[in-house]
There are 4 protein chains.
Amino acid sequence: MRWKRRAAARPDEILDAALDVFIETGFDAARMDDIAARAGISKAGVYLYFDSKEALLRALISREISPIAAQLTAIAEAGAADPEATLRLMATAAIERLSDQRFFAVPRLIIAISGRFPDIADFYRTEIVETAMAALAKLVTAGIDKGAFRPVDPVLTVRAIIGPVMFAALWRHVLRGDLDIPPAKVIEGQVDLLLNGLKP
Amino acid sequence: MRWKRRAAARPDEILDAALDVFIETGFDAARMDDIAARAGISKAGVYLYFDSKEALLRALISREISPIAAQLTAIAEAGAADPEATLRLMATAAIERLSDQRFFAVPRLIIAISGRFPDIADFYRTEIVETAMAALAKLVTAGIDKGAFRPVDPVLTVRAIIGPVMFAALWRHVLRGDLDIPPAKVIEGQVDLLLNGLKP
Amino acid sequence: MRWKRRAAARPDEILDAALDVFIETGFDAARMDDIAARAGISKAGVYLYFDSKEALLRALISREISPIAAQLTAIAEAGAADPEATLRLMATAAIERLSDQRFFAVPRLIIAISGRFPDIADFYRTEIVETAMAALAKLVTAGIDKGAFRPVDPVLTVRAIIGPVMFAALWRHVLRGDLDIPPAKVIEGQVDLLLNGLKP
Amino acid sequence: MRWKRRAAARPDEILDAALDVFIETGFDAARMDDIAARAGISKAGVYLYFDSKEALLRALISREISPIAAQLTAIAEAGAADPEATLRLMATAAIERLSDQRFFAVPRLIIAISGRFPDIADFYRTEIVETAMAALAKLVTAGIDKGAFRPVDPVLTVRAIIGPVMFAALWRHVLRGDLDIPPAKVIEGQVDLLLNGLKP
DNA sequence: AATGAATGAGGCTTCATTCAT
DNA sequence: TATGAATGAAGCCTCATTCAT
């Protein structure tokens with residue numbers, strides 16, 4: 001019966017392996033051979049669980065994405081009472097998470113393949129990005145209503161939050177820039193700017 | 001002797017073609033056949049000017065990059081007298097430019113292939129990103145010295161500027177999001193937030 | 001103990017399934033998966049009864065063939081007294097039978113694979129075709145002896161009988177030709193021609 | 001310039017090779033490797049001229065077929081004056097031709113693959129078989145009109161002619177039967193039976 | 001007897017690159 | 001300079017067959 005359990009775990013093991021290989025080489029240059037080897041099974045074995053390399057990509061993105069949207073909305077709603085603190089909390093969480101290569105892999109894949117698989121990009125936008133943005137926008141609106149924030153445009157404000165977070169991840173994982181600034185300091189500085197602005 | 005002129009223009013025509021094809025399919029999925037066809041020459045013809053597909057990629061990135069760094073530094077220096085106006089000007093220019101797919105192609109390529117060609121990513125970071133950031137940081141520092149800005153961390157401030165600009169490009173070209181917000185308004189809102197912050 | 005009986009029937013069920021699949025796709029393109037599925041068992045189950053796909057082919061041909069030779073000889077011998085009627089009877093039976101796709105499948109398989117399995121072709125020729133031809137030839141000879149037929153070459157006469165029968169099957173199953181001529185009429189016309197010839 | 005001529009001949013060389021390999025192994029078991037090797041080029045070279053193995057099959061059948069239909073009709077029309085002699089002539093030609101394995105290959109391929117490529121079978125029926133049958137039927141009708149033949153059913157008569165010819169080819173190439181009867185005698189006997197019938 | 005899981009071997013097809021002209 | 005022709009080296013995927021339970 002041991003293999004029963006193994007078999008049940010296989011798809012996830014394969015997706016883990018695929019994630020690793022995709023991170024290293026990107027989708028196109030990834031070889032099914034390597035994914036199989038990394039998963040510890042034969043190449044044909046992969047096809048027992050996934051129809052094609054593209055199917056693997058789609059399944060992977062789905063899996064990585066699915067828990068996120070709900071979490072984001074939950075946090076945003078839970079924190080409506082104290083928008084400022086919640087904003088700081090979410091930015092912290094996002095930067096921490098995205099500093100993990102495996103977490104940043106999906107957005108990066110999306111960027112790389114959106115030209116050829118526009119529907120995947122659409123899926124990601126709908127399921128994750130728009131959800132996240134809506135949650136944040138609600139938070140900003142709550143802050144405005146409470147008088148904690150100026151009456152700014154919530155959508156643009158959300159971009160002002162997400163943008164630097166995204167940049168931090170790109171800087172680290174894509175541009176391999178020095179990491180001399182500790183994350184905590186990055187967040188502190190970024191939030192301070194967001195709240196107080198540049199002007200004296 | 002018209003062909004002389006044509007011949008001299010060939011490398012650029014080829015790079016133009018390569019850029020188009022890379023935009024559509026990404027580097028790995030791009031076929032030399034397609035690039036040659038788009039350039040209006042034979043596939044073998046491409047190899048008269050470029051040694052390999054990778055060489056094409058490197059040459060393309062070099063070409064697209066070369067004028068930018070100088071421009072950025074020049075603008076930043078020229079505008080040191082009025083940091084706020086210059087910041088607004090640069091953000092406007094960046095968003096406008098990046099709304100052109102052909103301009104955004106290079107950063108996008110970098111993101112996609114940095115895993116396999118780390119030296120290209122390093123090159124891009126050194127030549128463009130760090131240069132741009134340095135120019136902007138100088139501007140911020142000038143503003144602080146002048147008393148126009150609070151004594152913030154210049155590096156983080158630069159990230160707060162670049163991040164939203166980058167996000168705008170990703171949103172448009174990768175995520176194919178709606179473009180209901182006109183660029184001018186995006187810039188205005190973003191700069192306002194940056195200068196005045198969220199707080200009332 | 002119903003399963004005991006089922007188990008005993010398994011090989012036949014598998015061969016039935018194989019026959020169906022071979023009819024649809026031919027031997028080479030047939031997949032063991034499909035055969036197993038059609039037989040209602042697992043793929044591995046097929047291998048409990050047959051060593052290989054080729055073994056399946058051989059067993060199938062054997063099974064389909066075995067009763068035929070004896071029948072043919074029996075009919076031919078029983079009808080020696082009235083050669084003309086017996087000829088008509090046999091032609092009728094042959095055309096009827098071959099109008100069933102499952103019956104024609106074996107000759108068709110033989111045609112398709114004789115190049116790669118010459119021994120199967122030889123087996124089929126020896127066991128079926130030559131037997132049938134011998135039986136028919138005997139009938140013709142009997143007719144000649146009786147004065148019912150002209151002193152023709154029996155072997156060629158047999159070909160003149162089998163040929164059109166074979167063609168009728170090819171026309172229907174391979175060429176998918178219109179079936180506007182009812183079988184009875186085909187037989188009647190064919191036998192009339194055979195007996196009376198073209199000349200007035 | 002030598003290669004110019006070579007290149008022009010390539011498709012035909014490849015089709016020749018494919019015909020050989022198809023004869024030996026059938027369509028499914030044929031390997032593109034073998035076809036390429038037989039044609040004296042690389043496997044990739046085959047794909048310069050044909051899109052796929054299936055395309056090769058279709059092109060081959062087209063090529064082999066195209067001259068035949070016209071020839072048949074021409075002969076039939078030219079011989080309308082003397083139907084009996086023309087019938088004998090055509091039977092002779094057909095049996096001779098089909099005794100060549102390369103000529104019989106196409107009908108044999110059709111038989112083997114008609115299940116999976118019904119449109120090819122339809123094409124063959126329309127272009128070749130129905131054309132041939134129409135030509136022969138016209139001849140028979142002419143004979144009847146002239147009083148040379150009895151008023152038989154022309155279509156069935158055509159089957160009585162084609163059937164034995166087909167059988168002769170099957171006997172030789174598929175069943176690998178002895179060839180003790182010389183073709184000339186086969187034809188003579190077959191035609192005699194057709195004209196004069198079995199009855200005394 | 002029966003099967004879900006696994007795989008080795010191999011086939012088709014693609015494509016960056018080279019060569020002969 | 002320019003290219004049509006050609007190919008070696010892969011990569012994806014399939015499938016007959018075996019194994020562990």
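None of the figures in this text is laboratory data; all of them are computed from the coordinates on show. Note that the structure is predicted; figures quoted are calculated from it, not measured. Using ideal geometry, Cβ is built from the backbone for each residue, glycine included, and neighbour counts are taken over all protein chains shown.
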The correct pairing of chain D residue and whole-Å distance, for the Cβ nearest the axis that maps D onto B, is D:Ala44, 4
Here the FRET efficiency for D:Lys146 versus C:Thr25, based on Cβ atoms and R0 = 41 Å and rounded to 0.05, is 0.25
Sorted shortest first, the nm distances from the D:Asp51 label point (7 Å along Cα→Cβ) to its counterparts in the other copies are 2.2, 3.8, 4.3
In terms of the alpha carbon gyration tensor, root eigenvalues a ≥ b ≥ c, rounded if a/c is under 1.5 and otherwise prolate when a/b exceeds b/c or oblate, the stretch D:147-190 is oblate
The answer for the net charge of residues other than C:Glu127 whose Cβ lies under 15 angstrom from its Cβ, with Lys and Arg +1 and Asp and Glu -1, is 0
Env charge @ C:Ala69, Cβ radius under 12 Å, K,R +1 / D,E -1, value -2
The size of the Cβ-based charge dipole (Lys, Arg +1; Asp, Glu -1) of chain A about the Cα centre, to the nearest 20 debye, is 420
Shortest first and in nm, the label-point separations between C:Ala184 and its counterparts in the other identical copies (7 Å out along Cα→Cβ) come to 4.6, 9.0, 10.0
Across all Cα atoms of the stretch D:1-50, Rg and the largest Cα-Cα distance (Dmax), in Å, are 10.9, 37
Mean per-residue count of partner chain Cβ within 10 Å for D:183-192 equals 3
Under the helix-only model (-39500 (n - 2.57) for each DSSP H run of 4 or more, divided by the residues of the protein assembly as shown), the mean residue ellipticity at 222 nm, to 500 deg cm²/dmol, is -25000 deg cm²/dmol
Descending packing, highest mean Cβ count within 10 Å first, for A:30-36, D:37-43, C:155-161 is C:155-161, A:30-36, D:37-43
With +1 at each Lys and Arg Cβ and -1 at each Asp and Glu Cβ, the charge dipole magnitude of the protein assembly as shown around its Cα centre, to the nearest 20 debye, comes out at 460
By the DSSP-based rule, helices of chain B that are at least 18 Å long along the axis (C-alpha) and have a mean Kyte score of at least 0.5 are B:53-78, B:130-146, B:154-169
Each residue of A:46-56 has, on average, a number of other protein chain C-beta atoms within 10 Å of its C-beta equal to 0
Per its Cα gyration tensor (rounded if a/c is under 1.5, else prolate when a/b beats b/c, else oblate), the stretch A:1-131 is best filed as prolate
From the cross-link list B:Lys43/D:Lys43; C:Lys185/D:Lys138; A:Lys53/D:Lys43; C:Lys185/D:Lys185; C:Lys146/D:Lys185; B:Lys43/D:Lys53, the entries with a Cα-Cα span beyond 27 Å are C:Lys185/D:Lys185
Once Lys and Arg are counted +1 and Asp and Glu -1 for all other residues with Cβ under 13 Å from that of D:Asp33, the total becomes +3
For the stretch A:1-50 the mean separation of alpha carbon contacts under 8 Å (6+ apart) over residue count, i.e. relative contact order in percent, is 34
Using alpha carbon centers only, the stretch C:81-116 is separated from the stretch B:66-145 by a whole-angstrom value of 83
Here the whole-number average of other chain Cβ atoms within 10 Å per Cβ of A:87-95 is 0
With +1 on the Cβ of every Lys and Arg and -1 on the Cβ of every Asp and Glu, the dipole magnitude of the stretch D:149-188 about its Cα centre, in debye rounded to the nearest 20, is 80
Checking rank on A:168-176, B:82-90, with mean other Cβ inside 10 Å and highest first, the result is A:168-176, B:82-90
Dividing the mean separation of Cα pairs under 8 Å (6+ apart) by the residue count of chain A yields a relative contact order in percent of 21
Rh (Kirkwood, all Cα-Cα pairs) for the stretch B:65-196, Å, reads 15.5
Per the 1/(1 + (r/R0)^6) rule, R0 = 51 Å and r from the Cβ atoms of C:Asp180 and A:Ala9, FRET efficiency to 0.05 is 0.25
On each of the three principal axes the extent of the alpha-carbon atoms of the protein assembly as shown, given in whole Å and largest first, is 130, 87, 40
